[in-house]
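Visitor: Here it is, the structure, as structure tokens.
The values are calculated or read from the model by the stated rules, or taken from the named source; none is laboratory data. Because the structure is predicted, anything quoted here is derived from the model rather than measured. Every residue, glycine as well, gets a Cβ built from its backbone with ideal geometry; the counts of neighbours run over all protein chains shown.
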Amino acid sequence: MDKYKKLIGNTAILGIGTFGSKILVFLLLPLYTACLSTAEYSTADIITQSANLLMPLMALGICDAVFRFTLDRDIDRRDVLTTGLYVVFAGLLVFAALFPLLNLIDYFEGYMWLIILYAFAANVHSLLAQYVRACGMTAFFALQGIIATATTILLNIIFLVLLDIGLLGYVLSVVIADAVVSLLIIAVIRKEFSLSFKRFNKKIAGMMLKFSIPLIPTTVFWWVTNVSDRYMVKGFIGDDVNGLYAAAFKIPTMLILLSGIFIEAWQFSAVTERDTESKKSHEVFFGTVFDSFQGMLYISAAGLIAFSKIFAIVLFDDSYYAAWQYMPLLIVATVFSSLVTFMGSVYLVDKKSVHSFVTSMIGAVVNVVLNLILIPTPLGANGAALATFICYFVVFIIRAVNTRKFIRFDLHTAKLIVNTAVIGLQTVFMVCELPLWIIVQVIGIAVIFALNAKPILKGIMKLLRRG
């Protein structure tokens, strides 16, 4: 199958499975914001984000290694799966032993047990899901995502509406859903699933950990970049504003979701196609895909920025409406977050995880320093959003230069600069509510679409003709 067609096909399958299910979560935002106060929503967000930090520490980043090494044709993928599972369970035992000490941290208000449980369930689910994705079971990978989301939604309704157990129910819904879907995946791959010690391969474990351990600080640094601002907003301004800021993140998450669907399909193609084509052909492949990817991002971002207020009215309870003012800057930051992730696929292909570590460390330092400077200013929570944008912008520039040592593909720099300038202008007019801001939004969307629609439509037409 043509590599472009294969990429589009995998993206479509993942899109149907992932976007179709995740959009239901956004439609339930009125439920979440109605059942949880801004302070409760802030606490629930801190719990889940803390668990996200704990995940790579507990599993030594092994979930990413399972995906990458399952793709290697000269390694028995069953050994990869079993080795990964042993690492995850060993991590649970370590943190269970540390629980009495960790539970003394007052900041988490006695929820440390829930954070550890959340991280473990998420790690098991992630490892199994990455395994089936690497095995090429794209349709099932998408299906298990739908089931996980549907289960979470059902449990949210039961816990928040019927049982009224607040933020505990909100978090437990995700934990139980992860457990249910993990059992489903095990049932499907039961012929390959094994916890037999004979399947634990020390040599493979060493190779996997050599790849994954540098990803631990990488993941931690990205967590710092993505989440530290919420801790600082809470510390400097308070739970109520942090609740609004956390809610505002839900709209940029739509863009993360869209790009994430594509990146999941792209990573598979980027690795598997490397050994089947010349270096020049691979560089053209990267450049063509990047052009379409950035076009998709900027078109989506322009629309999301323009409709920030409408999203706040439709998706949030009235008490959360003020969250719209943080959305535009967070959306721009998310564009560069997605571009940074794309550049990271170069490191994935060549197993250069140390480069991911160094660049993410720089980003985290920039983010924390700017948060400390900007949040106490009149910018407030928008200072945190601005810090996040600058951080991702800096890392993108560094990676754009550094990755050229490995794959020199066309970044379409002129278009990238114009795209960024246009959504930047949209953001300024939107946040400051300057005169004619509505007209600027309309013009911005039109310009972005005119700049980026052609390569996307051209690619689709080419695929249809080949089909």
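Visitor: Pick out the one residue from Phe99, Phe140, Phe159 that is under 15 Å from Ser182 (Cβ atoms) and either part of a loop (DSSP other than H, G, I, E, B) or of a type in the set (A, V, I, L, M, F, W, C) (or both).
Guide: Answer to the selection: Phe140.
Visitor: Out of curiosity, is Val314 modelled with pLDDT under 75 and β-branched (Val, Ile, Thr)?
Guide: Spelling it out, it is not the case that Val314 is modelled with pLDDT under 75 and β-branched (Val, Ile, Thr).
Visitor: Something else now. Within the range 136-175, track down each residue that is closer than 24 Å to Thr70 by Cβ, surrounded by fewer than 19 Cβ atoms within 10 Å (Cβ to Cβ) and out of contact with any Leu (no Cβ under 8 Å at 6 or more places or on another chain).
Guide: Across the range 136-175, the qualifying residues are Gly136, Met137, Ala139, Ile146.
Visitor: Among the residues of the range 231-251, write down those that are in a helix (DSSP H, G or I), modelled with pLDDT under 80 and not small (Gly, Ala, Ser).
Guide: Tyr231, Lys234, Asp239, Asp240, Asn242, Lys250, Ile251
Visitor: Return only the number of the condition from (1) modelled with pLDDT under 90; (2) buried (at least 18 other Cβ atoms within 10 Å of the Cβ); (3) on the phi < 0 side of the Ramachandran plot that Leu374 does not satisfy.
Guide: Failed condition: (1).
Visitor: Here is a check on your reading of the model: is Arg68 basic (Lys, Arg) and in contact (Cβ under 8 Å) with a residue 60 or more places away in the chain? I'd like the intermediate steps shown before the answer.
Guide: Values: basic (Lys, Arg): yes; in contact (Cβ under 8 Å) with a residue 60 or more places away in the chain: yes.
So Arg68 passes the test.
Visitor: Given the options Ile204, Ile261, name the one that is touching a Leu at 6+ places or on another chain (Cβ under 7 Å) and either assigned by TED's automatic domain parsing to the domain that holds Phe316 or on the phi < 0 side of the Ramachandran plot (or both).
Guide: Working: Ile204 fails: touching a Leu at 6+ places or on another chain (Cβ under 7 Å).
The match here is Ile261.
Visitor: Right, next: When the residues of the range 65-107 are filtered to those that are among the β-branched types (Val, Ile, Thr) and surrounded by fewer than 20 Cβ atoms within 10 Å (Cβ to Cβ), which remaining residue is nearest to Ala122 (Cα to Cα)?
Guide: Val94
Visitor: Report, ordered by the first and then the second residue, all pairs with beta carbons closer than 7 Å, sequence separation of six or more or different chains, a first member in the range 281-298 that is farther than 9 Å from Leu411 by Cα and assigned by TED's automatic domain parsing to the domain that holds Ser259, and a second member that is of a type in the set (Val, Ile, Thr) and surrounded by fewer than 19 Cβ atoms within 10 Å (Cβ to Cβ).
Guide: Filtered contacts from the range 281-298: Ser292/Ile456; Gly295/Ile456; Met296/Ile456.
Visitor: Given the structure, is Arg133 without any contact (Cβ under 8 Å) to a residue 60 or more places away in the chain and closer than 30 Å to Lys202 by Cα?
Guide: no
Visitor: Going by the conditions given, is Val368 out of contact with any Pro (no Cβ under 9 Å at 6 or more places or on another chain) and surrounded by fewer than 15 Cβ atoms within 10 Å (Cβ to Cβ)?
Guide: no
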